[in-house]
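Take a look at the structure set out below.
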Amino acid sequence: MAETKASTSPNDVVPQVVGVLGGGRMGSGIAHAFLLAGASVTVVERDQAVAQDARARIERSISASIDRGFHADAATLNASLTVATSATAFQGAELVVEAVPESLELKRVALRAIETQLATSATIASNTSSIPLGQLAEALTQPSRFIGLHFFNPVPASTLIEIVLCKQTSDELPAKARSWVRALGKTPITVNDAPGFASSRLGVALALEAIRMVEQGVASAADIDLAMELGYRHPVGPLRTTDIVGLDVRLGIAEQLHRDLGHHFAPPRLLQDMVAAGKLGRKSGQGFYTWPDSPTTDR
Ligand SMILES: NC(=O)c1ccc[n+]([C@@H]2O[C@H](COP(=O)([O-])OP(=O)(O)OC[C@H]3O[C@@H](n4cnc5c(N)ncnc54)[C@H](O)[C@@H]3O)[C@@H](O)[C@H]2O)c1
């Protein structure tokens, strides 16, 4: 089931016309990845101001990639990006990736809006971190073209994409999706639909235990992180990772997994209190660590 490294072949190409619904942290990163791989990308946001913010963020990422040595002309890539405020802009897309906030109802409405605009041959993907794909697939009239493409944050720096299959996914789609992932220069893993898939379930389990250890005074956040970084060769410890992902995002996933998988995913009181106090990690400037250089608008 697993592939351990990306081995791109000339047959691995991304769809040429791609849509992304939601141009926030993840949607912007996903758009950037497809643009660098040569696709035309349309990002649809909820209003004009947010759409323009998304454009500015993606253009900054393109420019940063070129500064880091990616060979491309910024003006050409920027011209391949369209931002819009209605799903009608997805007409003609071969693939649309949904990246709106982690809410079952919001995503179901979004998926229905996407499907009405697409040809029957087009693929619809969700970037959900934890909602069972089968529950999202119920929103679609043609769920065989539905798949999870779980990108990681920050998208440009992460080489993993978790491909999630629901029971309705067609037999041909997994191989096609793995080929797209390789064409993006990333490595696919393939996971059957289950709460939290592979990555969120394991990542959140570790983080929740680390938070309980801080809560119980077992050790400081920095020392707990060092235990995993030096003792187990994790590049970043579970509490710093939680700060980077966002405490609110992790709380949302824990609540979902608590419902689906049981008490060992119950969110610790400390996590709930920190989110209620606005300590969301890097994006708010304070979490288990202080992030002095991160403006609240940082994405
Ligand atoms: N942040 C992470 O680390 C991370 C990692 C992997 C997956 N995810 C998943 O990706 C998805 C998006 O997360 P995010 O962190 O990018 O959130 P975000 O809040 O940064 O972005 C969501 C965007 O969706 C837009 N939006 C909301 N409703 C919309 C609508 N009806 N139509 C169009 N746009 C709409 C918002 O304006 C916002 O810009 C979630 O499902 C999340 O679980 C997040």
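The values are calculated or read from the model by the stated rules, or taken from the named source; none is laboratory data. For clarity, every value in this text was computed on a predicted model and none was experimentally measured. Note: ideal-geometry Cβ built from the backbone for every residue, glycine included; neighbour counts use all protein chains shown. Just so you know, the surface numbers come from the protein's heavy atoms only, side chains and all, with ligands and any DNA or RNA stripped out. Shrake-Rupley method; radii C 1.70, N 1.55, O 1.52, S 1.80 Å.
The criterion of at least 1 residues that are open to solvent by less than 30 Å² (accessible area, probe 1.4 Å), at pLDDT 95 or above and within 16 Å of the ligand (Cβ to nearest atom) is met, among helices (runs of 4 or more DSSP H) falling completely within the stretch 1-94, by 25-36, 48-67. Among the residues of the stretch 204-242, those that are acidic (Asp, Glu) and under 25 Å from the mean Cα position of the chain (by Cα) comprise 209, 225, 229. Scan (1) of a type outside the set (Lys, Arg); (2) open to solvent by less than 10 Å² (accessible area, probe 1.4 Å); (3) at positive phi for the single condition residue 114 breaks and write down its number. Here residue 114 meets the rest and fails (3).
Would it be correct to say that residue 216 is over 24 Å from residue 99 (Cα atoms) and either assigned by TED's automatic domain parsing to the domain that holds residue 203 or within 16 Å of the ligand (Cβ to nearest atom) (or both)? Considered against the rule, which asks whether it is over 24 Å from residue 99 (Cα atoms) and either assigned by TED's automatic domain parsing to the domain that holds residue 203 or within 16 Å of the ligand (Cβ to nearest atom) (or both), residue 216 comes out as yes. For the stretch 144-169, enumerate the residues that are open to solvent by 30 Å² or more (accessible area, probe 1.4 Å) and not in a strand (DSSP E or B). Within the stretch 144-169, 144, 152, 153, 154, 156, 157, 159, 167, 168 meet the criteria.
With respect to the conditions (1) under 22 Å from residue 17 (Cα atoms); (2) open to solvent by less than 10 Å² (accessible area, probe 1.4 Å); (3) more than 10 Å from the ligand (Cβ to nearest atom), residue 196 lacks only one, and its number is (1).
Looking at 62, 30, 66, 58, which is the one that is in the same structural domain as residue 176 (by TED's automatic domain parsing), in contact with a helix residue (DSSP H, G or I) (Cβ under 9 Å, 6 or more places away or on another chain) and under 24 Å from residue 189 (Cβ atoms)?
Step by step, each of 62, 30, 66, 58 is checked, and only 30 is in the same structural domain as residue 176 (by TED's automatic domain parsing), in contact with a helix residue (DSSP H, G or I) (Cβ under 9 Å, 6 or more places away or on another chain) and under 24 Å from residue 189 (Cβ atoms).
Per the listing 83, 109, 97, 43, the residue uniquely in contact (Cβ under 8 Å) with a residue 12 or more places away in the chain and touching a Lys or Arg at 6+ places or on another chain (Cβ under 6 Å) is 83. Among residues of the stretch 209-220 being out of contact with any Lys or Arg (no Cβ under 8 Å at 6 or more places or on another chain) and assigned to a helix (DSSP H, G or I), the one that is nearest to residue 271 (Cα to Cα) is 211. Every condition in (1) free of Cβ contacts under 8 Å to residues at least 40 places away in the same chain; (2) surrounded by 13 or more Cβ atoms within 10 Å (Cβ to Cβ) holds for residue 263 except the one numbered (2). Does residue 148 count as touching a Leu at 6+ places or on another chain (Cβ under 8 Å) and not polar (S, T, N, Q)? It is true that residue 148 is touching a Leu at 6+ places or on another chain (Cβ under 8 Å) and not polar (S, T, N, Q).
Of note, residue 200 does not satisfy the criterion of being assigned to a helix (DSSP H, G or I), of a type outside the set (Val, Ile, Thr) and over 16 Å from the mean Cα position of the chain (by Cα). What do you reckon, is residue 59 within 18 Å of residue 15 (Cα to Cα), within 20 Å of the chain's Cα centre (by Cα) and of a type in the set (D, E, K, R)? Taking the combined requirement at face value, the residue does not satisfy it.
The residue of the stretch 117-134 that is farthest from residue 166 (Cα to Cα), among those that are open to solvent by less than 30 Å² (accessible area, probe 1.4 Å) and free of Cβ contacts under 8 Å to residues at least 40 places away in the same chain, is 118.
The set of residues in the stretch 15-37 that are out of contact with any strand residue (DSSP E or B) (no Cβ under 8 Å at 6 or more places or on another chain) and under 21 Å from residue 119 (Cβ atoms) is empty. If the condition is being away from the ligand (no atom under 16 Å from the Cβ), outside any loop (DSSP other than H, G, I, E, B) and open to solvent by 60 Å² or more (accessible area, probe 1.4 Å), then the stretch 223-248 contributes 223, 226, 230.
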